[in-house]
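Colleague: Attaching a single structure in structure tokens format; questions to follow.
The values are calculated or read from the model by the stated rules, or taken from the named source; none is laboratory data. Because the structure is predicted, anything quoted here is derived from the model rather than measured. When we count neighbours, we look across all protein chains shown, and the Cβ atoms used for this are built from the backbone with ideal geometry, even at glycine. With ligands, DNA and RNA removed, areas are computed over all heavy atoms of the protein, side chains included. Shrake-Rupley method; radii C 1.70, N 1.55, O 1.52, S 1.80 Å.
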Amino acid sequence: MTKAVIIGGAGHIGTYLVPLLVNNGFEVVVISRGMSKPYVENPAWQRVKTVQLNRGREPDFAKRIADIQADVVVDLINFDVLETKKMVAALKGTACQHYLYCSSCWARGFADVLPLESGTETGTPLCDYGRDKLASERFLRQEFIQNKFPSTCIRPGQISGAGWDIIGPWGNVSKRPFQIIANGEEIKLPNFGMETIHHVHAFDVAQCFYQAVTHRENALGEVFEAASGGSITLYGYAKMMYEFFWANAEDRFSSLE
């Protein structure tokens, strides 16, 4: 039986990924900071071993993971390239045949031209979060090419799903714009609402990880996008919400000075 360790397995992606693995014959060990329950109940969780470990407070966290001697390690809560390097160093020489790193669409950075196709990134992330994700991707790619370290990176978009406030028409998790729209009132959007967001449901992201695990030979050394078929502007998002609540969505927008 293949043993899989899921770091952050009780979170939004793990909620769906863990049952997928368990129901398909994997022995699953979930690493969690607390004893959190998944966002969606599933009988498969009764067959999961949970280990309480806090990455930020355990100086030997990577070694503790390596000591489990798992065949597959899925790292869903890694936000620091130094942690990525520690994990790679610890997993070398163990039973690990596949390390899957959860990156982010934030690794893409600024776009020169839209739509931004995979592989045409500018390498200019907007924030430290994105910069660390991109640095981890590049480090793992280098380790795969030079040392055959078996890694795969997956980039989710803005995750939605149970237990998670969806990113709204203001580009944050505020519920106010939805209420404004439902009331039929005028909504103000920044910069004509031309910023884009790229939603994806946590279950779809989980499926990407599962497919990468079960198609290991095709996934090694790759970076995959995990998002919907197309991004959406804040204007388009708000317009769809108006159309959901009201027959006519015109004349309900103004620019935010």
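Colleague: Taking the condition at pLDDT below 95 and either touching a strand residue (DSSP E or B) at 6+ places or on another chain (Cβ under 9 Å) or over 30 Å from MET1 (Cβ atoms) (or both), does SER151 pass?
Modeller: No.
Colleague: Hey, another quick one. Within region 104-126, can one find any residue that is open to solvent by less than 60 Å² (accessible area, probe 1.4 Å), within 30 Å of LYS37 (Cβ to Cβ) and in contact (Cβ under 8 Å) with a residue 60 or more places away in the chain?
Modeller: Yes, region 104-126 has at least one match.
Colleague: Looking at region 89-103, which of the residues that are without any contact (Cβ under 8 Å) to a residue 60 or more places away in the chain and closer than 15 Å to ILE154 by Cβ is nearest to the chain's Cα centre (by Cα)?
Modeller: Per the criteria, the residue is TYR101.
Colleague: Taking region 18-37, which residues are buried (at least 18 other Cβ atoms within 10 Å of the Cβ) and either in a helix (DSSP H, G or I) or over 22 Å from the mean Cα position of the chain (by Cα) (or both)?
Modeller: Correct list: VAL18, PRO19, LEU20, LEU21, VAL22.
Colleague: Looking at this structure, is TRP170 over 29 Å from GLN142 (Cβ atoms) and at pLDDT 90 or above?
Modeller: The answer is yes for TRP170.
Colleague: Moving on. Which of the residues spanning region 135-160 are open to solvent by less than 10 Å² (accessible area, probe 1.4 Å), under 16 Å from the mean Cα position of the chain (by Cα) and without any contact (Cβ under 8 Å) to a residue 60 or more places away in the chain?
Modeller: SER136 - this is the single residue of region 135-160 that is open to solvent by less than 10 Å² (accessible area, probe 1.4 Å), under 16 Å from the mean Cα position of the chain (by Cα) and without any contact (Cβ under 8 Å) to a residue 60 or more places away in the chain.
Colleague: If I go through region 38-93 residue by residue, how many of them are outside any strand (DSSP E or B), modelled with pLDDT of 95 or more, more than 26 Å from ASN147 (Cα to Cα) and open to solvent by 70 Å² or more (accessible area, probe 1.4 Å)?
Modeller: Number satisfying all stated conditions: 3.
Colleague: Shifting gears a bit: Can you pull out every residue in region 1-17 that is part of a loop (DSSP other than H, G, I, E, B), open to solvent by less than 60 Å² (accessible area, probe 1.4 Å) and over 18 Å from ALA226 (Cβ atoms)?
Modeller: Correct list: THR2, ALA10.
Colleague: Could you check region 83-97 and list, in sequence order, the residues that are over 20 Å from ARG57 (Cβ atoms) and among the hydroxyl-bearing types (Ser, Thr, Tyr)?
Modeller: Passing the criteria: only THR94.
Colleague: When you scan region 161-225 for helices (runs of 4 or more DSSP H) that lie fully inside it, which ones turn up with 2 or more residues that are open to solvent by less than 30 Å² (accessible area, probe 1.4 Å)?
Modeller: 176-182, 202-214
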